[in-house]
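Notes for the one structure printed next.
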Amino acid sequence: MNIRRMLTFVIAVISVSAASVTVFAQGGFFGAIYTTLGDGQTVNQNVYPNKPAVYLNGGPQNPNAHGLPDGTYYFQVTNPSGSVLLSTDLANCRQEMVVAGKMAGGTGPCPHPNATVNDANGSRGVQLVPFNDTPNAGGEYKVWLIRQSSTTTVAADGIHINFLPSNAKTDNFKVLNFCQQNPNDPTCQELGTVTISGHKFYDANASTVNENEAPVENIGIHVLIWHPGSDPSTAPADEDAVVQTDANGNWTFGPVPAGSAYKVDEILPDPCPDGSYWIQTAPAADSEGFQGYTGTAFQNVTGLDFGDICFTDGTGGFTLGYWSNKNGQKRMETGPITDVYVFYADGTPDQNMNCGSSGANGINCDLAFLRRFNLRNTSSVKNNPNGLDFDPTSYTQFRTWLLSGNAINMAYMLSVQLSATSLDVRHQTLSDTTVVDARGVCNSNGTCLGLVTIGEVRRLANESLGNNGFTVTGDPHREDQEVLKNFLDSVNNNRLAFGNTSPCNVCYITK
């Protein structure tokens, strides 16, 4: 049987630009390379205390593994993608010998220092410094071993190397900096520092995303810092501070030692004397309920952003009683109205026709508006629901239907509350875009509506009515309709808090 092996190579050559190298696929020759400490014992440690601690080695780790091809190699350090060369000395100084399949130490006119011989396989690694800090936010580097061949050349600047992907292997590693704890260690380099920062935005639509929204100032941001060498899971923070967002909503903390671990969250404002209160929307809480950021700052960290929305008492809702009395009737006759959307069962919005709003014609326009919903009826006998469509043709018919509303068929009770909320929106006393704090509107399993817009619940209610018009006791859709009904009833009675379109006062009450 013939076996075809298809090998695809992305052929590319290192750019001779003084600032970058071209990304390409890892090479294809046999053998492994890895980073290690200077004692040569630890294979692929991956995270190192400082740059001088990182050595490159290679060769078989067991008798059955492939060795590297014998010969002379170059090595270099780049960022993880390979787009930025970080090694700073001449390529001729970055040479390594491979003998009997194993690295045998530095070579050339100015070789790098060697590691201790690895007794497990007799290999000897080579130190990688000097190289610049990686621009990668996670503090990650990539080391390359490049086989010298007829297609491998040194660029005119003497630093960059031109080569084919089939002549290269790579390995990634990270560097911390423990010099603050070990200032007399001769391998320590000058300690770098970094800052961490973010932005506070007003999440007016509770989307959790900053959509070029207003900044919020005077919000407290709580910052915990563990310097390199401290374990955040066991040690107390080395720095514990609160910073305030400025007039542009920005906050910054630092400098802190590079490689420090951080934990950042916001201090949610207290409810204000005027009754307003804040809810955090971004970032999302993790599985343990923490609503903030953690990480390690190898470089300056940005984008630690927080979103909030504030709530005040709901207003503008009119009840079933209002729309069934003379005041509601007058509003239906005289307006004002707005050309709002009706949501159908498939979730597609369809614009209501814009017509006059005075006298009988005004009521007729409202009745036409209501007929476009999936409203449900009951029979003339209260305890005998039928779930048929309800399409009102007169105010008297509509009024009677409103006042007879009952929850024997939950679809009927949901229908009357939906009609009242929809008239509120049409007559501009409520808005579909208003965010409502419905975290307390829940089913028996504890699933709650959360922060949701009036328009979204109107759409869900109309969709549910279109699919389930007869939801008596025992129907699996009854409880869901009851949750939607409770929301609309609460909005109509102004019992839920509404999100402000702009930031409220920020209050921190001293206790």
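The values are calculated or read from the model by the stated rules, or taken from the named source; none is laboratory data. None of the values given here were measured: they were computed from a predicted structure. Counting neighbours? That spans all protein chains shown, and the Cβs are built from the backbone with ideal geometry, glycine included.
May I ask you to list the residues in the stretch 391-445 that are among the hydroxyl-bearing types (S, T, Y) and over 17 Å from A497 (Cβ atoms)?
T393, S394, Y395, T396, T400, S404, Y412, S415, S419, S422, S444
Given the condition more than 30 Å from F173 (Cβ to Cβ), surrounded by fewer than 18 Cβ atoms within 10 Å (Cβ to Cβ) and within 16 Å of the chain's Cα centre (by Cα), answer yes or no: does some residue in the stretch 290-313 qualify?
So far as the stretch 290-313 goes, yes, one or more of its residues are more than 30 Å from F173 (Cβ to Cβ), surrounded by fewer than 18 Cβ atoms within 10 Å (Cβ to Cβ) and within 16 Å of the chain's Cα centre (by Cα).
Considering only the stretch 84-105, state which residues are in a strand (DSSP E or B), crowded, with 17+ Cβ neighbours inside 10 Å and of a type outside the set (D, E, K, R).
The answer is L85, S87, Q95, M97, V98, M103, A104, G105.
Hey, can you tell me all the residues within the stretch 224-248 that are out of contact with any Gly (no Cβ under 9 Å at 6 or more places or on another chain) and either in contact (Cβ under 8 Å) with a residue 12 or more places away in the chain or basic (K, R) (or both)?
L224, W226, S230, P232, A237, D238, E239, D240, A241, D246, A247, N248
Scan L484, L449, L465, L402 and give me the residue that is closer than 29 Å to S276 by Cβ, aliphatic (A, V, I, L, M) and in a helix (DSSP H, G or I).
L484
For the stretch 225-243, which positions are in contact with a Ser or Thr (Cβ under 9 Å, 6 or more places away or on another chain), under 17 Å from S197 (Cα atoms) and among the aliphatic types (A, V, I, L, M)?
I225, V243
Scanning the stretch 487-511 for residues that are among the polar types (S, T, N, Q), assigned to a loop (DSSP other than H, G, I, E, B) and touching a Phe, Trp or Tyr at 6+ places or on another chain (Cβ under 8 Å), which turns out farthest from V457 (Cα to Cα)?
Within the stretch 487-511, the match that is farthest from V457 (Cα to Cα) is S502.
Output yes when any residue across the stretch 120-141 is outside any loop (DSSP other than H, G, I, E, B), of a type in the set (G, A, S) and surrounded by 14 or more Cβ atoms within 10 Å (Cβ to Cβ), and no when none is.
Yes, the stretch 120-141 contains a residue that is outside any loop (DSSP other than H, G, I, E, B), of a type in the set (G, A, S) and surrounded by 14 or more Cβ atoms within 10 Å (Cβ to Cβ).
I need a count of the residues in the stretch 300-336 that are at pLDDT 85 or above and either touching a Pro at 6+ places or on another chain (Cβ under 6 Å) or more than 20 Å from L402 (Cα to Cα) (or both).
15
With G108, G27, G71, G31 as the choices, which residue is at pLDDT 90 or above and surrounded by fewer than 22 Cβ atoms within 10 Å (Cβ to Cβ)?
Going through G108, G27, G71, G31 in turn, just one is at pLDDT 90 or above and surrounded by fewer than 22 Cβ atoms within 10 Å (Cβ to Cβ): G71.
Could you pull out the residue among D391, D350, D339 that is at pLDDT 90 or above, surrounded by fewer than 18 Cβ atoms within 10 Å (Cβ to Cβ) and under 48 Å from the mean Cα position of the chain (by Cα)?
None of the other options fit; the residue is D391.
Quick check on my filter: what residues within the stretch 394-417 are more than 17 Å from H477 (Cβ to Cβ) and either buried (at least 23 other Cβ atoms within 10 Å of the Cβ) or touching an Asp or Glu at 6+ places or on another chain (Cβ under 7 Å) (or both)?
Within the stretch 394-417, F398, V416 meet the criteria.
Scan the stretch 111-121 and tell me whether some residue there is at pLDDT 90 or above and closer than 18 Å to G58 by Cα.
no
Is there a residue in the stretch 226-248 that is in a loop (DSSP other than H, G, I, E, B) and in contact with a helix residue (DSSP H, G or I) (Cβ under 8 Å, 6 or more places away or on another chain)?
No, the stretch 226-248 has no match at all.
Of the residues N494, N468, N505, only one is surrounded by 14 or more Cβ atoms within 10 Å (Cβ to Cβ) and over 19 Å from P385 (Cα atoms); which?
N494
Whether any residue in the stretch 269-279 is buried (at least 18 other Cβ atoms within 10 Å of the Cβ), more than 22 Å from the chain's Cα centre (by Cα) and outside any strand (DSSP E or B) is what I want to check.
yes
Tell me which residues, restricted to the stretch 229-251, are small (G, A, S), modelled with pLDDT under 95 and surrounded by 12 or more Cβ atoms within 10 Å (Cβ to Cβ).
G229, S230, A235, A237
Can you list residue pairs whose Cβ atoms sit under 8 Å apart, with the first residue in the stretch 372-395 being farther than 14 Å from N409 by Cβ and the second being of a type in the set (F, W, Y) and modelled with pLDDT of 90 or more? Count only pairs 6 or more apart in sequence or on different chains.
Close Cβ pairs (under 8 Å, with a partner that is of a type in the set (F, W, Y) and modelled with pLDDT of 90 or more) amount to P392/F398; P392/W401.
Consider S444 carefully, then state whether it is under 27 Å from F369 (Cα atoms), in the same structural domain as G335 (by TED's automatic domain parsing) and not aliphatic (A, V, I, L, M).
no
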